[in-house]
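Each reported figure results from applying straightforward, stated rules to the coordinates on display, with no laboratory input. Since the structure is predicted, the reported quantities are computational estimates derived from the model, not experimental observations. Backbone-built Cβ (ideal geometry, glycine too); neighbour counts: all protein chains shown.
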Amino acid sequence: MLLNKRILICCVLFLLFASLVSAEVCEVDRIKQVLKKILFLYYTEPSSVPLTKDEVKDMLVFYLSINDQNITVDCSTFGSRSNKPISDVVNEGGNVADKIPACADGTKYGECSKSRPAYCYAGAIYSRCGLCGCPTNSVCGKSGKCESTSQNITCFKDIDCGQISPIGSYYCVNNNIVRDILNYSCTNPGTTNSKCAVTNRTVWLTYCNPNLNQTCVAGQNYCKVPVANVSTTTTNQTNQTFSGILTIKGRLIDYFTKQPIANGLIFTWDSQTARRDTYTNSNGEFSTTADTTQVTTTTAKSFGIQPNCYNNMGMGLFRNSDNNLYVNVQINQLIGAAKSFAVTGSEVNVGDIPMWPAVDIQINSDIAVKFNLEYNGLTGSGNSLYKTLHYLSYSFPLTVDTRAKLTDQANNVYYSPYLNVPLSNGCKPVNLNFFNKQFAWNASGQTNVSNASNCFVKIDGVVVKSVYATDRNDCYSKTSFGSINCNTYAPYFTEGVHFLEQYFGANDRVNNEYCTCSNGVCVQGNQTAQNITLHSLFQEF
């Protein structure tokens with residue numbers, strides 16, 4: 001009998017200890033952000049997704065099962081398809097680069113803007129007061145837009161006061177990973193006595209068990225564990241990776257001439273006050289270093305790539321959840337996608353890095369505006385602050401039809417004429433004046449596309465874009481984008497069906513088609529609104 005009791009006690013202690021070891025708490029918002037990154041890549045760059053289809057499904061099912069009121073959740077449960085802990089899936093997915101696009105105000109797709117009730121969906125801003133709340137003295141209407149109230153009412157619900165947001169980074173308390181958050185609430189909602197209250201709250205996450213050699217490290221959202229059999233030399237064995245000082249080599253070249261770029265700056269910060277600069281030699285070659293022991297799955301080592309007169313790029317040293325290291329090199333979006341290189345030893349060579357020539361841009365305005373550059377259907381650099389003078393270094397690309405999109409504080413949008421600055425311009429900056437709602441470019445050797453326009457894009461008979469083209473084929477290549485033609489011109493459309501045309505000269509129509517638009521997404525053909533898989537997935541968040 002005594003033996004049976006001892007066995008029972010041992011079993012109970014084992015179960016308690018096991019639950020203590022296995023329990024891992026994740027932030028719901030982090031799961032959401034990781035899932036959005038993975039889903040976006042899954043539908044746009046499936047080959048770059050590090051997770052299996054079963055792991056993606058497990059994370060999606062797990063997220064959808066979480067109560068809306070939860071800030072944290074136990075993520076140590078195993079996925080039914082992958083038989084892998086959800087925490088491991090989230091951590092592995094968290095290492096993926098965030099390639100989710102943003103709206104013009106910098107808000108990521110599927111997120112609320114800082115200006116309530118604005119919501120970014122498929123590249124456009126919509127009013128979604130049910131999700132994003134309303135400013136003071138307004139209430140969320142049935143249309144999803146905020147409606148003014150006759151009384152002075154501060155708030156109707158908690159979301160009107162703000163969204164839950166983290167303060168600072170992770171820190172340690174008695175081997176527990178914790179984080180502070182700001183929690184917003186509306187007291188006396190819907191009355192003239194309503195007011196917003198903000199409170200600090202500490203969220204307790206994972207316990208790092210010293211008995212398992214787990215260590216809580218400030219700034220990390222996971223427990224650090226010693227890696228067995230780590231080699232300081234090149235190895236291809238399972239669960240082994242290089243540790244120590246890594247040398248990263250490469251070469252900067254001009255994208256157009258393929259010539260090396262000499263004296264190009266590559267820099268990194270070894271601490272908050274210690275910046276380390278490296279310059280390319282006469283052949284464009286550089287060699288810099290990184291301490292791999294300082295790189296974790298949540299903390300990368302970043303490098304800026306900033307040769308004069310070229311669009312600034314960057315690269316970083318990252319660590320996967322399986323402890324393997326890789327270098328990711330950012331490539332200008334006009335050229336192609338980023339490139340990754342596995343670290344298998346004490347040195348990695350990233351080869352030639354093509355750089356796109358670019359110059360400084362200054363914008364002068366008589367009203368405060370924010371701005372973004374737009375070219376080839378892409379959104380370039382900009383500034384989300386409302387100012388009368390903007391200046392960005394090496395942000396205006398050469399040889400590309402480029403315009404500036406200005407937005408004033410009343411949310412009125414103004415598009416400048418397109419400007420194409422040739423390579424012969426060199427490094428001379430461009431200037432754009434916007435006075436009395438009139439634009440004027442000033443650039444050396446410029447081709448002001450609007451003044452030499454002979455290729456036109458029309459929507460329902462109205463010209464929305466004009467460029468210069470040498471012939472009808474050149475007009476077609478500059479204004480038509482194949483299967484994504486309709487979605488490329490989505491910012492010009494309203495809801496419903498529209499007729500899109502491209503003309504060379506006044507009468508030579510080089511292309512035409514119908515476009516159907518719904519919720520900021522436009523597809524080819526005269527049809528009822530369709531459910532676009534990727535965007536509908538983001539709508540769930």
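Work through the residues other than ALA290 whose Cβ is under 15 Å from its Cβ and net out their charges, Lys, Arg +1 and Asp, Glu -1.
Values: positive: LYS249, ARG275, ARG276, LYS301, ARG319; negative: ASP270, ASP277, ASP291, GLU347.
Cβ neighbours under 15 Å give a net charge of +1.
Pull up the DSSP beta bridges for segment 245-355 and report the antiparallel fraction as a percent, rounded to 5. Approximately 80 percent, going by the DSSP bridge assignments.
Which order do the peptides 401-414, 114-127 take when ranked by the mean count of other beta-carbon atoms within 10 Å per residue, highest first? Could you put the intermediate results ahead of the total?
Numbers: 401-414: 16.6, 114-127: 19.3.
Answer by packing, highest mean first, reads 114-127, 401-414.
Considering only ILE177, SER143, PRO166, and ranking their Cα positions along the charge dipole of segment 135-181 that arises from unit charges at the beta-carbon of Lys, Arg, Asp and Glu, the one farthest toward the positive end is SER143.
Packing here is the average count of other Cβ atoms within 10 Å per residue, and on that basis the peptides 291-298, 147-154, highest first, run 291-298, 147-154.
Averaged over residues, the count of other Cβ atoms within 10 Å places the peptides 508-518, 355-365 in the sequence 355-365, 508-518, highest first.
Relative to the Cα centre, what is the charge dipole magnitude of segment 293-417, using +1 at the beta carbon of each Lys and Arg, -1 at the beta carbon of each Asp and Glu, and rounding to the nearest 20 debye? Kindly include the intermediate steps, with their values, before the conclusion.
Working: 7 positive and 8 negative charges, 40 e Å.
Once rounded to the nearest 20, the dipole reads 200 debye.
Each Lys and Arg contributes +1 and each Asp and Glu -1, all at the Cβ; summed about the Cα centre of segment 245-355, the dipole is approximately 100 debye. Cross-link partners of LYS99 among lysines, defined as those whose alpha carbon lies under 24 angstrom from its own and excluding same-chain residues fewer than eight positions apart: LYS32, LYS36, LYS37, LYS53, LYS57, LYS108, LYS114, LYS301, LYS339, LYS370, LYS405.
Distances between every pair of Cα atoms in segment 18-161, grouped in 5 Å steps from 0 to the bin holding the largest one, split as 2, 10, 15, 15, 16, 14, 11, 8, 5, 3, 1, 0 percent. For a test of the definition: using alpha carbon positions, the gyration tensor, and the 1.5 limit on a/c, classify segment 245-355 as rounded, prolate or oblate. Prolate.
Which ordering of ASP254, ASP160 is given by a fewest-first count of other beta-carbon atoms within 10 Å? Mind showing how you got there, number by number?
Working: ASP254 18, ASP160 27.
If I rank by nearby Cβ atoms, fewest first, I get ASP254, ASP160.
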